[in-house]
Each structure stands twice: as structure tokens, then as C-alpha cells.
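Below: the structure, in C-alpha cells.
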Amino acid sequence: MLINSIQQKTKSKYPKFGVNKVQTMTRLVYEIAKRDHISEEEVLNSIPRHLIKFDQIKACLLKQRYPNCSKDEISQVKIFPSLDLDPALAVDLNRTKLKIKPQEFLIEKAVKDSRLAKRVSQLFPHTPVHLIDSYNSHIKKNQFSITNYNHRLNQIFVVQEKFNYITPCPCTKDCVCCGYTILNCGTGCGFECEYCFLQSYTNAPGIVIPANIEDYLQKIGEITNPTRIGTGQFTDSLIFDHITEYSKEIIPFVRNKPHIQFEFKTKSNNITNLLSIPAAENVVAAWSINPPRLIDQCEHFTASLQERLTAAKQCQDHGYKVAFHFDPIIYFDKWKEEYTQVIDDIFTSVKAEKIAWISLGTLRMTLKQKQTIESRFPQNTILDQEFICGFDDKLRYNNVLRAELYQTLLDKIHQHSKQVHVYLCMEDQAMHKKCNCDNVTV
């Protein structure tokens, strides 16, 4: 379906409409046609002929696009960003699995003699190494684009981090904070999850990995209050662990600090290093989790559900606590049966008393993120559902649907165990109360 075709047909049928009105109609026609697998002509022809005013036509299209939303909810759909679908930006999904084989390493001169710099040279002896003055000065000379992001695994930057070691979880406005703290051990991930916020958040042309892990450990050592901290915000915690071996340094360091709970959150089964050293009771191996259908359709190149659960069992048997994150929960036709089956599979695979926590968070995104998804994953189906502007100005499912999703998963988890701590991620106080999930402290 060509955007130009929709625009031309809209202009032909409604020649008096200006640029903004055509843009609004183009987006609505595109989204309806894509979701319903029909042509743009069918959508345009479905508009009753007696409707000639733009507001009437827009209301007609909105009702088609959001059939399950109330008038008040539809009124929250206020912004209709332009469609900029460039086929050249689509992700190559023909690969069968993740391959980490960079074409070059760019290493800051300050860390050229670091353990990590020497290790990458040993692991990838045929990959060129280029010394740079600094990451910041390097990227200023090069204009960033989505094409760079699509090929981010080609370049790995090894840098010296000087400031951004530990930060609070960036909760959006009006969210109930879960108290999570982030150890910023790198930026970028090799997996291709269609919903990932990094694709519209970062402007890094490659993967950025700090070499000075000792400075991070020093900052952890300065923490005196009970703290839950983890590395899985701006990168997958374990995807590069066979290269960095950070887990082999972090785990022994935090082992005798019982006030710290340290979490490695991943969609991989790259747990060799975790199993190669004695476990620590305050270290949690965690997996983002979804039904197999969604993993296959929109978590490209990640470990399968069975691989993740097998890895979780191995870590638990080794002595670690484990955790699971249903985030994002994605609505689709058979969501109830398939999500509850995943919960059954979790409690069949691991012991409930060794689960540190389970989090629940529904799909949400910014407008920019939505536009990026449209270009990078034109075949996606996750955007076909009804999203309205939420309490934090992000696109979300409406309150009724979100509450049903949460309550269904909560009830199923509690059927297996009422002791496992479950909390909602990035939700407001009203949703916590509706789901009787007020206590977020873990």
C-alpha cells in the first residue's frame, strides 16, 4: 500500500481539504486498511457520501479505527503524525538467529590498554580496531540515521564512562515508582524487538560498552541503603556478557552486600558466566517473557520461551533467585489463553519460593516510537490495536483493557502462589488501586 496513493485518492475525493486534513485522513485510512487487510479505496468508499465536512468524515473514520473505544476515549486521539514509510529502513528479518560479529571496534584512546579492549581483540582477531579520541567527538562528525541503527552491531564502541554510572529508573510523570535503580553498563541491544523504545530513544550508531567496570563497582560500593539495581534498561543485561564478562565481576562484588539486590534482565539464554561462578543469594537472574506467538512475531532473534525457562531453571538450580517481566503485555485475539499458559509454564519450570518478583506492564509508546516502528517493521501487527493518549502522554490501551489484562495475569499468578511479589510497571496510582496492587516495594 503506497502512502502517495492514499494521499492522491483523498485529494481527488476531497479537493478542498488542506495539507493537515489530508495528512489526518491518510493516517486513518492507512491504519484501517492495514488492520482489516483491505484496500484504501474500500476505506474511502465506506465513508457515506452525505458526509462532506471534514469533522464529520474524521469522526466516521475514527469510529472505524477505534470501534471499542468510547467517545471520551476517542477524543483523546488528537495527534495524527505524518506517515514516512521508507522501505529502505525496514529491518532485515531473513536471518535465523543473532550474530554478533562486528565489522570494527572503535576504542577510545583512554581505554586502549583496558582488559575489555584486549579481550575484544582476542575474541575478534580479524576485526579492525580503530582508536578514537572520544565517542562524543566521533559521533558529532557523523550524521545519525535509522540506517545506522539498523546496522548497529557492525560497530562496537569501547569507551571510558566518566559520569553516567547509576541513575534512578526514568519513570514518566504520574507513574508509581517501583524504586528501581539502573547501572548503565552500555547502550544498545542486538535483538530486534518491534516495540523496543531504544529504536526511537538512542542516536548511537553502534553498540556502546564502557571499559571501566571498576568505576561502576566503586559506585555500587558507595550505596548504603537497601537498593534494587540492574543493568537491563538501555541494553540487554546478558547479550554481550560473553564479551564483557561483567557478570563475573559484579556478582562477587555484590555477594557480601545484602542491602543490594542485583538483577540481570535478559531475553537471551547467555548464562554461561553466571553458571561458571558460585551464585549469590542477592543476585537475581530475570527474563522478559511473552507467549511463543509474540516472541516469534515481534521479538526477533531472541531466545525462545522454552530456552528462557530452561535457562531460568538452570540459574535457580545453581543458587540464584529468578524473576520474570511480562513487559510489554501485548493484546491479541487469544491473549488470555496464551498468557495464562505462559504463567503455568513458569511455575512448572521453577520453584515459586525462588521467584524474587514478577512485573506486569502493558505496551506503551511515544508518537515518535510509533512512527519508527512503522518504518522499521512495516509487517507489524502490534500497532493495529486501539491506542489512546494515556496519563503520561504515551500511547496506551484504554483503562478498561489494561485493567483486564493485569487482573487476568494477577489472578493466574496467585492461583500458583500468593507469596510471589507482583508489581505493575509504569502505571498510575488509579490502576494500582483498581488491581489491588498498591505495594511496589521489593
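The values are calculated or read from the model by the stated rules, or taken from the named source; none is laboratory data. Quick caveat, the model's predicted, so the values are computed rather than measured. Cβ: placed from backbone, ideal geometry, glycine included. Neighbour counts: every protein chain shown.
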Item to check | Options His300, His318, His259: the member that is of a type outside the set (Lys, Arg), over 30 Å from Lys219 (Cβ atoms) and surrounded by fewer than 22 Cβ atoms within 10 Å (Cβ to Cβ) | outcome: His300
Checklist entry - Can you tell me which residue in region 179-212 is farthest from Thr244 (Cα to Cα), limited to those that are touching a Cys at 6+ places or on another chain (Cβ under 7 Å) and among the aliphatic types (A, V, I, L, M)? => result Leu198
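Does Phe264 satisfy the condition of being in contact with a strand residue (DSSP E or B) (Cβ under 7 Å, 6 or more places away or on another chain), hydrophobic (A, V, I, L, M, F, W, C) and on the phi > 0 side of the Ramachandran plot? Steps first, answer last, please.
Values: in contact with a strand residue (DSSP E or B) (Cβ under 7 Å, 6 or more places away or on another chain): yes; hydrophobic (A, V, I, L, M, F, W, C): yes; on the phi > 0 side of the Ramachandran plot: no.
It is false that Phe264 is in contact with a strand residue (DSSP E or B) (Cβ under 7 Å, 6 or more places away or on another chain), hydrophobic (A, V, I, L, M, F, W, C) and on the phi > 0 side of the Ramachandran plot.
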Checklist entry - Phe324 fails exactly one of the following numbered conditions: (1) in a helix (DSSP H, G or I); (2) modelled with pLDDT of 95 or more. What is the number of that condition? => result (1)
Checklist entry - Got at least one residue in region 148-169 being crowded, with 17+ Cβ neighbours inside 10 Å and of a type in the set (Asp, Glu)? => result yes
Checklist entry - Could you count how many residues in region 286-297 are of a type in the set (A, V, I, L, M, F, W, C) and either touching a Ser or Thr at 6+ places or on another chain (Cβ under 8 Å) or at pLDDT below 95 (or both)? => result 3
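Which one of these is touching a Phe, Trp or Tyr at 6+ places or on another chain (Cβ under 8 Å), within 26 Å of Pro170 (Cβ to Cβ) and not assigned by TED's automatic domain parsing to the domain that holds Arg376: Asp236, Asp215?
Working: Asp236 fails: not assigned by TED's automatic domain parsing to the domain that holds Arg376.
The conditions single out Asp215.
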Item to check | Residue list for region 379-407, restricted to those being in contact with a Lys or Arg (Cβ under 6 Å, 6 or more places away or on another chain) and either β-branched (Val, Ile, Thr) or within 13 Å of Phe332 (Cβ to Cβ) (or both) | outcome: Asp384
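Go over the candidates Thr366, Thr372 one by one and state the one that is of a type in the set (S, T, N, Q) and crowded, with 21+ Cβ neighbours inside 10 Å. It would help to see each step written out before you state the result.
Numbers: Thr366 fails: crowded, with 21+ Cβ neighbours inside 10 Å.
The conditions single out Thr372.
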Checklist entry - Identify, please: which residue in region 188-242 is buried (at least 17 other Cβ atoms within 10 Å of the Cβ) and part of a helix (DSSP H, G or I) and is, among those, nearest to the chain's Cα centre (by Cα)? => result Leu198
Checklist entry - Of all residues in region 262-291 being within 22 Å of the chain's Cα centre (by Cα) and hydroxyl-bearing (Ser, Thr, Tyr), which is surrounded by the most Cβ atoms within 10 Å (Cβ to Cβ)? => result Thr266
Checklist entry - Any idea which of (1) over 18 Å from Glu374 (Cβ atoms); (2) within 25 Å of the chain's Cα centre (by Cα); (3) in contact (Cβ under 8 Å) with a residue 24 or more places away in the chain is the one Ile74 doesn't satisfy? => result (2)
Checklist entry - How many residues does region 244-266 hold that are touching a residue at least 24 places away in the same chain (Cβ under 8 Å) and assigned to a loop (DSSP other than H, G, I, E, B)? => result 6
Checklist entry - Can you name every residue in region 283-328 that is among the aromatic types (Phe, Trp, Tyr) and either farther than 28 Å from Ile260 by Cβ or not assigned by TED's automatic domain parsing to the domain that holds Ile382 (or both)? => result Phe301
Checklist entry - Would you call Ala280 in the same structural domain as Ile373 (by TED's automatic domain parsing), part of a loop (DSSP other than H, G, I, E, B), touching a residue at least 40 places away in the same chain (Cβ under 8 Å) and not acidic (Asp, Glu)? => result yes
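Can you confirm whether Gln56 is over 27 Å from Arg402 (Cβ atoms), assigned to a helix (DSSP H, G or I), out of contact with any helix residue (DSSP H, G or I) (no Cβ under 7 Å at 6 or more places or on another chain) and at pLDDT 95 or above?
Judged against the criteria, Gln56 is a match.
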Item to check | Elements of type helices (runs of 4 or more DSSP H) contained in region 65-142, each with 1 or more residues being charged (D, E, K, R), in contact with a strand residue (DSSP E or B) (Cβ under 7 Å, 6 or more places away or on another chain) and surrounded by 13 or more Cβ atoms within 10 Å (Cβ to Cβ) | outcome: 71-74
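For region 1-38, give me the residue count where each residue is free of Cβ contacts under 8 Å to residues at least 12 places away in the same chain and within 21 Å of Gln379 (Cα to Cα). I'd like the intermediate steps shown before the answer.
Filtering region 1-38 down to residues free of Cβ contacts under 8 Å to residues at least 12 places away in the same chain leaves 2, 4, 8, 11-12, 15-16, 18-20, 36-38.
If we keep only those that are within 21 Å of Gln379 (Cα to Cα) as well, we get 2, 4, 36-38.
Of the residues in that region, 5 qualify.
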